[in-house]
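Novice: Structure in C-alpha cells, see below.
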Amino acid sequence: MVKKKSFKRQDLWGWLIMLPSLILFGFYVWEPLFENVRLSLHNSIRYEVLDFVGFDNYRRVLASPDFIAAFRNTFSYTLWSLVIGYLVPIFLGIIISETVHMKGFFRTGIYFPNIVPGIATIWIWNYFFTPGATGVLNIILGKLGVAPLEWLNNTHWTIPLIVVTMTWKSAGSTALIYMANISAISPDLYEAATIDGAGIWKRIFHITIPSVFSLAKTLLILQVISVFQILYEPMVLKNGGPNNASISLMMLQYRYAFRDFDFSGGAALSVMICIILIILSGLYMKLTRSKED
Amino acid sequence: MNGFFTKYKNKKDGVIRGYDISSTSVKIACIIIMLICLAIVLFSVFPIIWVFLASFKDIKEFNRNVTILPDVYDFSRLKATWNAFSFPKFYRNSLIMVLGCILTSVFFNGLLAYALAILKPKGHNVVFLLVMWSLLIPSSTNIIALFRNINILNLNGTFFPLWLAYGANAFYIVLFKEFFEGIPKELLEAGKLDGAGVMKIFTAIILPLSKPIIMVVAIFAVTAAWSDFLLPYLVLKGTNYETVMVKLFSFKDTPTDAVSVLRACLFAIIPPTIIFALFQRQITDGAAAGAVKG
C-alpha cells in the first residue's frame, strides 16, 4: 500500500518536471499546428479571426498563378537536391574514410561551411554567381579562358545553382554521419571478401554501400522534408525570380503572411504543405517497410 | 615516400586495408584519394577565405578589378563598415540572444530528458513519441500561427519568444536522454537512499556528471542561435534589439553597396568560426553521433 502510494508520487514528480518543457512544445509545435488549421478555415484581418468560410482560402490560394509556379519549383528543388546533393555526402564519406593522413583536417574542412550562418552563405554565393566580369566564378573562368556566364539569371540554372549552395553548406555534416557509419563496419567483412578475391571496387559495392544503405534511406526522407521547406535561399538571392523561376512554396507562404498580412491564405498554404509532407513521409515509410519484410 | 605508406598498415577504416597497401596500384590510388580530398577541402573553404580577402577591397576595386586578392590589406576599411552599421549593437543583441538560448536549451530539454530517461513517470512513452514526431513536422509551416500567438501574447519585440523556442528541441532531448541513460543506476540509488529528492538528484548528481553533454548542447545552441534569422527577423525587426542575422537578412530589402554587405557577412562569420576553432572536436563528433541516433 505504502509502496504504491510512493510510486504515484514519483509519477506526479515526473510530470511536474516535464511540464515546463511540455508547455513549450505545446506553444511552439503542437498548438500552432491546430491553430493553422483553424485560421485556414476562417476569414481574418490581421490577428483577428472572423467568419468561418470553409475551404474558400484554399481555393483562393490554389487558383493563384504563383501557386502553380511555387509548387512546380518546390518539386524541382527536391528533385535537384536528390540529383546533386544526395550522393555528394556518401561520396565524401567513402573517400575520406580511405585517408590516414590529415583525416582530422579533412573532417574539419568539409564541416566548416556548416557553421557559416545560412544567410551569410547565401550572400557569399551571390557574389560567386554575379554575372559579368567581376563575379568570382567568372573571374576564375576568365583565368581558364572561358567567357563569363549568366549564372542565376539563366532561368534553367537558377534552381540547380541554389541547390549547389545548399549542398556546399550541408554536405560536410552529412558526410560525417556516413563516416561514423562506415567506420563501424566490421573489418572481418572486408577480410573475408579479400580472401574470396574481391578487389577494392567490389568491396565498395558489396560491403560499404550496402552497409550505409539503411542510414541513406533515413537521410533521404529527412533531406526531402528539409528541402521542401526551402525559404530564404531563393528569397535572398533572387527574391523568387527571375520571373518566379525560383519561388518556393514556403516563400509564397511567407509572402501571404508577412508581406500581404493575409494570415488565412498563408495558413491554408501551410496546411497544404504539411499534408504533402505527411503523405510523402507515409508513402516513404510504406515503401521501405514492404521492402524489408 | 615509404613513410607515407607505413601509416596505411594500421588503417582501420574503409575499403582499403593494411594488407592491400603493398600493391603499386593501391599506392597510386591512395595518393589520388589524398589529392581529391585536398581539392574538396579547398572547395569547402575557398568561399570563406574569399570573404576575408575581398572585404579588404573598396567598392571601386571590387567593381573594377578582376582579381581574387585585394591590392592592400587595410583594416581601417573594415573598421569603417563596423562603425557605419553600428555593429557593436548587433553583436550585443546577438550575444543576449545566444546566452539566453544556451540557458533554455540546457534547462528545459535537460529536465524533460531527465524525466524520460530516469524518472519514467506513467505515460512517458507517449511524451517521447510526441517529441519525436515534432522532428517530422516541418517547423517553418508553424510560423504563421506561432507569430500570431506571439503577437496576441504581446511578446513581439522581446527576446522571450526567441529564447524559449530553444527549450523545445527534440534533437537536444535525444542527446540528453542518451547520455542520462548511461549514468550508473547505483549513483542514483545511492542518492535516493541519502534521502535526496527528485530535484536534488538532478542538480547534485546528474548535472555535475553531465558536463560533456551540456557542453555539446551548448555549442550546438550557440551556432544555431547565432545563425537563426526567421523568427528573430519577424519578432525583432525595427526594434532596438535587431541581431546580426536580422541585419544581414534585411539587406535584401535595403539596397546596400556590395562591399558593405560582404563585410557584414565577414562579421557574421567570425564568432562561429572562433567557436568552431575552439571546439571542433566536440562539434564534429556531436554532429556525427547525434544525427545517427536522432
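Novice: Identify which of A:71, A:258, A:228 has the largest mean-square fluctuation in a Gaussian network model of chain A, with springs joining Cα atoms closer than 10 Å.
Specialist: Greatest mean-square fluctuation among the candidates belongs to A:258.
Novice: Listed here are the pairs A:103/B:9; A:169/B:211; B:60/B:89; which of them are more than 19 Å apart at the Cα?
Specialist: Among A:103/B:9; A:169/B:211; B:60/B:89, the Cα-Cα distance tops 19 Å for A:169/B:211; B:60/B:89.
Novice: On to the next question. For region A:123-128, what does the Karplus curve 6.51 cos²θ - 1.76 cosθ + 1.60, with θ = phi - 60°, yield as ³J(HN,Hα) per residue in whole Hz, taken in order and with x for Gly and Pro?
Specialist: Result, rounded to whole Hz: 4, 4, 5, 4, 6, 5.
Novice: How long, wide and thick is region A:162-244, going by the Cα atoms along their three principal axes, in whole angstroms, largest first?
Specialist: Projected onto the principal axes, the Cα atoms of region A:162-244 cover 59, 19, 16 Å.
Novice: Right, something else. Which residue fluctuates most in the GNM of chain A (Cα springs below 10 Å): A:13, A:125, A:80?
Specialist: A:13
Novice: Per residue, how big is the convex hull around the C-alpha atoms of region A:118-226? Give it to me in cubic angstrom, could you?
Specialist: 156 Å³
Novice: Distance check, please: which entries in A:143/B:57; A:143/B:7; A:8/B:200; B:177/B:200 exceed 30 angstrom between their Cα atoms?
Specialist: Where the Cα-Cα span goes over 30 Å, the pairs concerned are A:143/B:7.
Novice: On average over all directions, what projected area in square nanometres does region A:24-157 have, based on the convex hull of its Cα atoms?
Specialist: Hull-based average projected area comes out at 14.2 nm².
Novice: Then there's this: Given labels modelled 7 Å from the Cα in the Cβ direction, how far is it in nm from residue B:67 to residue A:189?
Specialist: With each label placed 7 Å out from Cα toward Cβ, I get 5.3 nm.
Novice: Based only on Cα atoms, what Rg/Rh ratio does chain A have, Rh being taken as Kirkwood's radius?
Specialist: Answer for chain A: 1.07.
Novice: Other chains' Cβ within 10 Å of B:43-49 residues: what's the mean?
Specialist: Mean inter-chain Cβ contacts per residue within 10 Å come to 6.
Novice: Enumerate the amide H contacts of residue A:42 below 5 Å, restricted to partners 5 or more residues apart or on another chain; note that Pro and chain-start residues carry no placed amide H.
Specialist: Close amide H contacts, sequence-distant or interchain: A:53.
Novice: For residue A:263, what charge total do you get from the other residues with a beta carbon under 9 Å from its beta carbon, if Lys and Arg give +1 and Asp and Glu give -1?
Specialist: Residues close to residue A:263 contribute a combined charge of +1.
Novice: Let's test the formula: R0 of 35 Å, r as the Cβ-Cβ distance of residue A:202 and residue B:35. What FRET efficiency results, to the nearest 0.05?
Specialist: 0.90
Novice: With the other protein chains left in place, how much accessible area per residue, in square angstrom, belongs to region A:96-227 at a 1.4 angstrom probe?
Specialist: I get 40 Å² per residue for this part.
Novice: Here is a further query. Quick check on region B:1-160: take the gyration tensor over C-alpha atoms, sort the square-rooted eigenvalues as a ≥ b ≥ c, and tell me if it's rounded (a/c under 1.5), prolate or oblate.
Specialist: The shape class here is oblate.
Novice: Here's a follow-up. Kindly report, to the nearest 10 Å², the accessible surface of residue B:95 as traced by a 1.4 Å probe over protein heavy atoms only.
Specialist: 100 Å²
Novice: Please report, to one decimal in angstroms, the Kirkwood hydrodynamic radius of region A:76-122 built from all distinct Cα-Cα pairs.
Specialist: 12.4 Å
Novice: Now for a separate question. Could you tell me the distance between the Cα centroids of region A:106-129 and region A:67-101, to the nearest Å?
Specialist: Cα centroid to Cα centroid, the span is 16 Å.
Novice: Further question: State the percent of C-alpha pairs, over all pairs in region A:94-143, separated by a distance greater than 16 angstrom.
Specialist: 58 percent
Novice: Could I ask something else about it? Could you work out the mean count of beta carbons from other protein chains within 10 Å of each residue's beta carbon in A:82-90?
Specialist: Shielding by partners across A:82-90 averages 0.
Novice: Enumerate the amide H contacts of residue A:149 below 5 Å, restricted to partners 5 or more residues apart or on another chain; note that Pro and chain-start residues carry no placed amide H.
Specialist: Here the answer is A:132, since their amide H atoms fall under 5 Å of that of residue A:149.
Novice: Please give the Cα centre distance for region B:69-86 versus region A:167-226, rounded to the nearest Å.
Specialist: Spelled out, the Cα-based centre of one part sits 45 Å from the other.
Novice: Under a GNM of chain A (C-alpha, springs under 10 Å), which listed residue has the highest mean-square fluctuation: A:58, A:256, A:47?
Specialist: Looking only at A:58, A:256, A:47, the biggest GNM fluctuation is shown by A:47.
Novice: Another one. Using only the Cα atoms of region A:144-293, what do you get for the radius of gyration and for Dmax, in Å?
Specialist: 21.3, 68
Novice: Same structure, new question: Take the alpha carbon atoms of region A:6-59, find their center, do the same for region A:228-293, and report the distance between the two centers in whole angstrom.
Specialist: Using only Cα atoms, the two centres lie 21 Å from each other.
Novice: Also, I was wondering about something else. Can you list residues from other chains, or at least 5 along the same chain, whose modelled amide H is less than 5 Å from the amide H of residue A:86?
Specialist: HN-HN under 5 Å from residue A:86: empty list.
Novice: Taking N as the number of residues in region B:66-212, what is its Cα Rg relative to 2.2 N^0.38 Å?
Specialist: Dividing the Cα Rg of region B:66-212 by 2.2 N^0.38 Å gives 1.50.
Novice: What is the average number of partner chain Cβ atoms found within 10 Å of a Cβ in A:30-42?
Specialist: What the average comes to for A:30-42 is 4.
Novice: Checking the a/c ratio against 1.5 first, then a/b against b/c, what shape does the Cα gyration tensor give for chain B?
Specialist: Since a/c reaches 1.5 but b/c is at least a/b, the shape of chain B is classed as oblate.
Novice: Output the DSSP H helices from chain B with an along-axis C-alpha extent of no less than 18 Å and a mean Kyte-Doolittle hydropathy no less than 0.5.
Specialist: Those that pass (Cα extent of 18 Å or more, hydropathy at least 0.5) are B:24-54, B:87-114, B:124-136, B:211-227, B:258-293.
Novice: Mind computing the radius of gyration and Dmax over the alpha-carbon atoms of the protein assembly as shown? Å is fine for both.
Specialist: 25.8, 87
Novice: Would you be so kind as to identify which of A:281, B:22, B:273 lies farthest towards the positive end of the dipole of the protein assembly as shown, taking Lys and Arg as +1 and Asp and Glu as -1 on Cβ and the Cα centre as origin?
Specialist: B:22
Novice: Still on this structure, I have one more. Quick check on packing: order A:206-218, A:164-176 by the mean number of other C-beta atoms within 10 Å, highest mean leading.
Specialist: A:164-176, A:206-218
The values are calculated or read from the model by the stated rules, or taken from the named source; none is laboratory data. Small disclaimer: the values here were computed from a predicted structure and weren't measured. Here the Cβ is made from the backbone with ideal geometry for all residues, glycine too, and neighbour counts use every protein chain on show. We work out accessible area using only protein heavy atoms, side chains counted, and drop any ligands, DNA or RNA first. Shrake-Rupley method; radii C 1.70, N 1.55, O 1.52, S 1.80 Å.
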